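Take a look at the structure set out below.
None of the figures in this text is laboratory data; all of them are computed from the coordinates on show. Source: prediction; values computed, not measured. Positions of Cβ are generated from backbone atoms using ideal geometry, with glycine treated the same way; all protein chains shown enter the neighbour counts.
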Amino acid sequence: MLQPSDASTYSTRGTPAGPARKGKSVPSQLMQRGKSLPPVAQNGDLRGYYRRLLEEFGSQGWWPAETRLEVILGAILTQNTTWRNAALGIGRLRDAGMLDLVPLSATSPARLQSLIRPAGFFRQKARTIRGFLRWLDEAHGGSLDRMFSQPAESLRFDLLQLKGLGPETVDAILLYAGGEPFFVADAYTRRILARHGVIAADAGYHEAQQSIHRSLDRDATVYNEFHALLVEVGKRYCRRREARCGSCPLQSFLPGMAAV
Ligand code: SF4
């Protein structure tokens, strides 16, 4: 589950407690503070959620990384684990000088596994990273610039063909490293939307993503922020086994409640 939690570095402290953290992030143009809110949608839907959450929590400042490669590695390492564990793996890669395509591509599978071990599923994730690097080399001459210059829909299709890269990881790469407007419809998003009757309880990733894409303009800055804000709601209030609706900023958007 994607949940980067500290804006200046890959934190190992786990879930953040406060709003609006500052620091470097990628790409920087996605982190514009004070960007105008989108107008309220005619159907009064998810834009209201977005405005309410931004008012409550402030800008979240995702994704915490200094390069696109860090975003990509973070998106892979956080699969099926907490961000804290993924951050430990990123920290070890940084300390080893591996947050660079050249040494990372040259390192042995065993060394890579060892470095990312704290992130869990380290053999599988090392295979995914190496597979991505191989494809990047073959398809784009090892250049992230060339990769991201590909039309976004086509790049998304290609990335989804790579072993170990599912839609949540691919969309995180496209949104947070590429600045492309693909909403990351993770488990937090699906749980919140399902509890509010926006999607069915058993809706999948694609359906949840489409509900966001239909409701909000295709704007990477808004998708970036809204995803981070929904994660915050999921962590604080809309937990898997307990919905703390009484204190949740989205309570007024529950079916049958009057939205403010
Ligand atoms: S905790 Fe309740 S009000 Fe908040 S998002 Fe979940 S279902 Fe909605």
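Values as computed for the structure displayed
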read-out	value
Percentage relative contact order, segment 135-203, counting C-alpha pairs under 8 Å, at least six apart	15 percent
Among PRO64, LEU93, LEU54 the positive-end extreme of the charge dipole of segment 51-103 (Cβ point charges)	LEU54
Rg to Rh quotient for segment 145-188, alpha carbon positions, Kirkwood Rh	0.95
